[in-house]
Amino acid sequence: MTFSTEVKNELCRVSMQRACCTRAEAYGALLHASSFSHKEIRLSTENAAVARRLQALLQRAFFIVCEPQRAGRKLQIALTQPAQIARIFDALGYDCKSHITYHLNRNVLEEDCCIAAFLRGAFLMAGSVAGPDKKSHLELKTPHQSLAGEETSLLLDLGLSPGQARRGGSFLLYFKDGASVEDLLTRIGAPRAAMELMEAKVEKNLRNTINRQVNCETANLVKAADASARQIAAIRAVLDAHGEEGFPENLRETVRLRLAYPTDSLAELAQRFVPPISKPGLSHRLRKIMELASKED
Ligand SMILES: [Zn+2]
């Protein structure tokens, strides 16, 4: 199941309580219908939950009883009876003779609750959103430029500023920042999906922080191993040429311990002396060994 489908299924479970919101949600869906004219209203969707939701919205908001029909992969609700279409137009404040249907009648959306419901209906028909494993992206698509403009101002009123783009014959409103996507989903009735996106973001940040720390520690280990390898090569060069006599008495314990514990860090190696010596003390001795070896070349 895609994340968009998951979101739409969650939106379809929002209870239909207020009559104003039920009408507003139906309106959002109708403006994104494949056909919304005085001759025909046709709503199609691939999502069975959305089809049932549309059926319920039409019944509750406009007292229209209809049944979604299969049409290939899609489910369709088609209304052609003039009396039914007139009832819908009437409830939405449309003039039945006017053919300009794809514009937003803000009188139907007076309350904030209705604006959220309208956007829910619009998203059910024309929305998609990227899942938590992808980059943040939510979009709403319409073939009508004026509607895209009117929905942009609706979103701006909610404090959300969508980007606008054209793709083929469609106009897109989109959000690419995670906070806006989560905010919008929460407002239109999908707080669980919004939470899922938020949690994924937190987890990703945490993982990046851990990776950075691990990389840093690994780099330090590599540096320490390189230094140890150089010290051991230096010791061997002196030993090959002069044996242990090549080192003054005060460096011999250091030579023995370095050869015996090649993977020890400076701090670990310093602790092996009897009695233990300091890290700077050990550094000093190792530097002396390197100097002796450099005279061999
Ligand atoms: Zn309302």
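The values are calculated or read from the model by the stated rules, or taken from the named source; none is laboratory data. As the structure is a computational prediction, the values presented were derived from the model and not from experiment. All Cβ positions, glycine included, derive from the backbone under ideal geometry; neighbour counts span all protein chains shown.
Looking at this structure, is Leu154 modelled with pLDDT under 95, within 25 Å of the chain's Cα centre (by Cα), closer than 20 Å to Asn105 by Cα and not charged (D, E, K, R)?
The answer is yes for Leu154.
When you scan segment 241-268, how many residues do you find that are among the polar types (S, T, N, Q) and under 21 Å from Leu221 (Cβ atoms)?
First, pick out the residues of segment 241-268 that are among the polar types (S, T, N, Q): 250, 254, 263, 265.
Next, only the ones that are under 21 Å from Leu221 (Cβ atoms) stay: 263, 265.
Final tally of qualifying residues: 2.
Quick one: what pairs do we get from segment 19-30, first residue more than 16 Å from Gln55 (Cβ to Cβ), second near the ligand (Cβ under 9 Å from one of its atoms) and of a type in the set (Val, Ile, Thr), C-beta under 9 Å, 6+ apart or different chains?
Ala24/Ile115
Can you say whether Tyr94 is among the aromatic types (Phe, Trp, Tyr) and under 25 Å from Leu185 (Cβ atoms), as far as the supplied structure shows? Break it down stepwise before answering.
Numbers: among the aromatic types (Phe, Trp, Tyr): yes; under 25 Å from Leu185 (Cβ atoms): no.
So Tyr94 fails the test.
Residue by residue through segment 269-282, note down the ones that are surrounded by fewer than 13 Cβ atoms within 10 Å (Cβ to Cβ) and either among the acidic types (Asp, Glu) or closer than 18 Å to Asn220 by Cα (or both).
Pro280
Counting only residues that are surrounded by fewer than 20 Cβ atoms within 10 Å (Cβ to Cβ) and assigned to a helix (DSSP H, G or I), how many does segment 29-74 have?
Total satisfying the criteria: 7.
So which residues in segment 1-22 are polar (S, T, N, Q) and in a helix (DSSP H, G or I), if there are any at all? Can you show your working first?
The first filter runs over segment 1-22 and keeps only residues polar (S, T, N, Q), leaving 2, 4-5, 9, 15, 17, 22.
Of everything in segment 1-22, those that are polar (S, T, N, Q) and in a helix (DSSP H, G or I) turn out to be Ser4, Thr5, Asn9, Thr22.
Looking only at residues in segment 8-22 that are surrounded by 15 or more Cβ atoms within 10 Å (Cβ to Cβ) and more than 24 Å from Ala71 (Cβ to Cβ), which one is farthest from the ligand (Cβ to nearest atom)?
Just the residues of segment 8-22 that are surrounded by 15 or more Cβ atoms within 10 Å (Cβ to Cβ), to begin with: 8-12, 14, 16, 20-22.
If we keep only those that are more than 24 Å from Ala71 (Cβ to Cβ) as well, we get 10, 14, 16, 20-22.
On the way: Glu10: 19, Val14: 12, Met16: 11, Cys20: 4, Cys21: 4, Thr22: 8 Å.
The selected residue is Glu10.
Quick check on this structure: which one of Ala237, Ala233, Ala229 is in contact with an Asp or Glu (Cβ under 6 Å, 6 or more places away or on another chain), surrounded by 11 or more Cβ atoms within 10 Å (Cβ to Cβ) and either of a type in the set (Val, Ile, Thr) or modelled with pLDDT of 90 or more (or both)? Quick ask: steps written out before the conclusion?
Values: Ala233 fails: in contact with an Asp or Glu (Cβ under 6 Å, 6 or more places away or on another chain); Ala229 fails: in contact with an Asp or Glu (Cβ under 6 Å, 6 or more places away or on another chain).
Answer to the check: Ala237.
Look through Asp112, Asp133 and report the one residue that is within 16 Å of the ligand (Cβ to nearest atom), modelled with pLDDT under 95, assigned by TED's automatic domain parsing to the domain that holds Lys176 and of a type in the set (D, E, K, R). Please lay out each step first, then the result.
Working: Asp133 fails: within 16 Å of the ligand (Cβ to nearest atom).
Going through Asp112, Asp133 in turn, the sole match is Asp112.
Given the condition within 16 Å of the ligand (Cβ to nearest atom), within 13 Å of Ile77 (Cβ to Cβ) and modelled with pLDDT of 95 or more, answer yes or no: does some residue in segment 37-49 qualify? I'd like the intermediate steps shown before the answer.
Step one: of segment 37-49, the residues within 16 Å of the ligand (Cβ to nearest atom) are none.
No, because not a single residue in segment 37-49 is within 16 Å of the ligand (Cβ to nearest atom), within 13 Å of Ile77 (Cβ to Cβ) and modelled with pLDDT of 95 or more.
From (1) under 30 Å from Leu158 (Cβ atoms); (2) touching a residue at least 24 places away in the same chain (Cβ under 8 Å); (3) of a type in the set (Val, Ile, Thr), pick out the condition that doesn't hold for Thr186.
The number of the failed condition is (2).
If you go through segment 44-91, how many residues are touching a residue at least 40 places away in the same chain (Cβ under 8 Å) and charged (D, E, K, R)?
So the answer is 3.
I need the full set of residues from segment 165-178 which are of a type in the set (Gly, Ala, Ser) and surrounded by 14 or more Cβ atoms within 10 Å (Cβ to Cβ), in order please. Lay out the reasoning, then the answer.
At the first step, the residues of segment 165-178 found to be of a type in the set (Gly, Ala, Ser) are 165, 168-170, 178.
Within segment 165-178, Ser170, Gly178 qualify.
Can you name the condition, by its number, that Leu197 falls short on among (1) of a type outside the set (Lys, Arg); (2) touching a Gly at 6+ places or on another chain (Cβ under 9 Å); (3) under 30 Å from Leu11 (Cβ atoms); (4) exposed (fewer than 15 other Cβ atoms within 10 Å of the Cβ)?
Only one criterion is unmet by Leu197, namely (4).
Could you figure out which of (1) part of a loop (DSSP other than H, G, I, E, B); (2) within 16 Å of the ligand (Cβ to nearest atom) isn't true of Glu25?
Only one criterion in (1) part of a loop (DSSP other than H, G, I, E, B); (2) within 16 Å of the ligand (Cβ to nearest atom) is unmet by Glu25, namely (1).
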